[in-house]
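The values are calculated or read from the model by the stated rules, or taken from the named source; none is laboratory data. Here the structure is a predicted model, which means the values were calculated and not measured. Methodologically, a virtual Cβ is constructed for each residue, glycine included, from the backbone with ideal geometry; neighbour enumeration extends over all protein chains shown. Note: areas computed on protein heavy atoms with side chains; ligands, DNA, RNA excluded. Shrake-Rupley method; radii C 1.70, N 1.55, O 1.52, S 1.80 Å.
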Amino acid sequence: MYNYRYMPRYGDFKDFDTIKPGSILDMVQDVSIRASTECGYDINTMKNMNIAWLMQGINVRFDRKINPYDMIEISTGVRKMKGAVSERCCIISQNGENVGKTVACWFIFDINRQRPGRIPKEMFSAYTEESFDDKFFIYKKAECDDSAIHSYSIKVSNKEIDTNMHLNNQKGAELLMDALPFDFNFNEFNVFYRQPAFLGDELDVCVKQTENGYYVHLAEKEKGICVAGIFSRNS
């Protein structure tokens with residue numbers, strides 16, 4: 001397992017005693033890249049191999065409120081690697097107590113061919129598979145819902161683009177969260193990245209209330225749904 005610690009910044013605060021879920025997702029994305037670097041595959045190395053890790057989706061659960069004044073430790077490891085796909089799990093803790101968990105599905109993207117590729121054989125020995133007993137750590141893809149109602153539209157801006165020149169995973173999730181009522185405090189969410197959105201794309205933000213929360217997606221007129229998320233308040 002790879003471990004990294006973060007001290008929340010003021011910009012991570014939602015209010016005086018709550019941290020923004022998008023900030024946790026940003027830390028999870030960052031620790032995943034750091035763990036890959038530790039295995040010998042940093043962003044530049046993979047660029048020279050003409051491949052990149054892209055996230056297909058992520059499931060997140062908070063077991064209790066995360067204190068924005070205390071250090072956050074994230075431990076991460078790969079649960080499974082096969083073909084083009086890797087499932088990476090994270091355990092989030094504070095003061096020695098587990099407070100949240102995530103499982104994300106990543107896939108290898110062939111930069112030259114602009115399509116999914118296979119994980120190179122040499123990478124399997126670099127990324128050691130870990131054991132995760134909790135059933136939560138079996139990745140489940142969020143389902144898209146075409147019946148969601150259009151709420152407003154946005155344009156993908158410079159600050160939302162990453163090194164792959166499309167909408168960043170964490171920024172896409174935050175755009176989904178922006179459509180939620182400010183006082184809706186969810187403790188579980190699933191985000192699915194269906195296809196990339198690029199700089200200047202106009203995206204329709206569509207929302208539907210569910211039994212335990214909300215479903216939201218971002219859709220481009222020609223391409224259809226790009227990013228979808230389900231946000232729930234579960235006991």
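Which value, in Å² rounded to 10, gives the accessible area of residue 146 with a 1.4 Å probe and all protein chains present?
Counting only protein heavy atoms, residue 146 exposes about 130 Å² to solvent.
Taking only Cα atoms and a 10 Å spring cutoff, compute GNM fluctuations for the chain and point out the largest among 69, 215, 139.
Looking only at 69, 215, 139, the biggest GNM fluctuation is shown by 69.
Evaluate the chain: find the radius of gyration of its Cα atoms, find its Kirkwood radius, and give the ratio Rg to Rh. Mind dumping the intermediate values first?
Working: Rg = 17.3 Å, Rh = 18.3 Å.
Rg divided by Rh gives 0.95.
Taking the Cα centre of the chain as the origin, how large is its charge dipole in debye, to the nearest 20, when only Lys and Arg (+1) and Asp and Glu (-1) carry charge on their Cβ atoms?
Numbers: 29 positive and 33 negative charges, 117 e Å.
Rounded to the nearest 20 debye, it is 560 debye.
When you count, for each residue, the other Cβ atoms within 10 Å and take the mean per peptide, how do 151-162, 190-201 rank with the highest first? If you can, show how the numbers build up before the last one.
Working: 151-162: 13.4, 190-201: 18.2.
Descending packing order for the listed peptides: 190-201, 151-162.
Would you please put 90-97, 71-78 in order of how densely packed they are, using the mean number of other Cβ atoms within 10 angstrom per residue and starting with the highest? Could you put the intermediate results ahead of the total?
On the way: 90-97: 15.9, 71-78: 20.0.
Highest mean packing first, the order is 71-78, 90-97.
Can you tell me the dipole magnitude for segment 103-235 around its Cα centre, using point charges on the Cβ only (Lys, Arg +1; Asp, Glu -1), in Debye to the nearest 20?
Working: 15 positive and 21 negative charges, 75 e Å.
In total the dipole reaches around 360 debye.
Between 90, 123, 103, whose Cα lies farthest towards the positive end of the dipole of segment 90-148 when Lys and Arg beta carbons carry +1 and Asp and Glu beta carbons carry -1, centred on the Cα centre?
123
Show me, for segment 70-87, the HN-Hα J-couplings you get by feeding each phi into the Karplus relation (A = 6.51, B = -1.76, C = 1.60, θ = phi - 60°), rounded to Hz, glycine and proline as x.
10, 4, 10, 10, 10, 10, 9, x, 8, 7, 7, 10, 7, x, 9, 10, 10, 9
Quick check: at a probe of 1.4 Å, how many percent of the accessible area of segment 1-141 sits on carbon and sulfur atoms? It would help to have the intermediate numbers written out before the result.
Numbers: 3630 of 7440 Å².
So the carbon and sulfur contribution to the accessible surface is 49 percent.
Taking H as built 1.01 Å from N, whose amide H comes closer than 5 Å to the amide H of residue 201, not counting residues under 5 places away?
It is 156, by chain and number.
Quick one: Debye curve from the C-alpha atoms of segment 1-98, no solvent, what's log10 I(q)/I(0) at q = 0.12, 0.18, 0.23 Å⁻¹?
Scattering profile of segment 1-98, log10 relative to I(0): -0.43, -0.89, -1.27.
Hey, if we sort 217, 150 by accessible area with the 1.4 Å probe, largest down, what's the order? Kindly include the intermediate steps, with their values, before the conclusion.
On the way: 217 10, 150 100 Å².
Most to least solvent-accessible, the answer reads 150, 217.
Beyond 11 Å, how much of the Cα-Cα pair distribution for segment 1-42 remains, as a whole percent?
Details: 576 of 861 pairs.
Summing the P(r) of segment 1-42 above 11 Å gives 67 percent of all pairs.
Of 47/171; 20/141; 14/65; 14/171; 47/121; 82/140, which pairs sit farther than 20 Å apart, going by alpha carbon to alpha carbon?
Details: 47/171 22 Å; 20/141 23 Å; 14/65 12 Å; 14/171 16 Å; 47/121 17 Å; 82/140 16 Å.
Correct reply: 47/171; 20/141.
Among 60-66, 7-13, how do they line up from the highest to the lowest mean number of other beta-carbon atoms within 10 Å? Intermediate results must be reported in sequence, preceding the final value.
Numbers: 60-66: 17.4, 7-13: 12.3.
Listed from highest to lowest mean packing, they are 60-66, 7-13.
Kindly report the accessible area of segment 69-215 per residue (heavy atoms of protein chains, probe 1.4 Å, no ligands, DNA or RNA), in Å².
Numbers: 7960 Å² over 147 residues.
Averaged over the residues of segment 69-215, the accessible area is 54 Å².
Give me the base-10 log of I(q)/I(0) for segment 147-235 at each q in 0.13 Å⁻¹, Debye formula, one uniform scatterer per Cα, rounded to two decimals.
Scattering profile of segment 147-235, log10 relative to I(0): -0.39.
Quick one: what are the phi-derived ³J(HN,Hα) couplings along segment 45-58, Karplus 6.51/-1.76/1.60 with θ = phi - 60°, whole Hz, x for glycine and proline?
Once θ is set to phi - 60°, the couplings for segment 45-58 become 4, 5, 4, 5, 8, 6, 9, 8, 7, 10, 8, 7, x, 8 Hz.
Nearest 500 deg cm²/dmol is fine: what mean residue ellipticity at 222 nm does the chain get from its DSSP H runs of n ≥ 4 alone, each adding -39,500 (n - 2.57), divided by its residue count?
On the way: 4 runs with 39 residues, N = 235.
Helix-only estimate at 222 nm: -5000 deg cm²/dmol.
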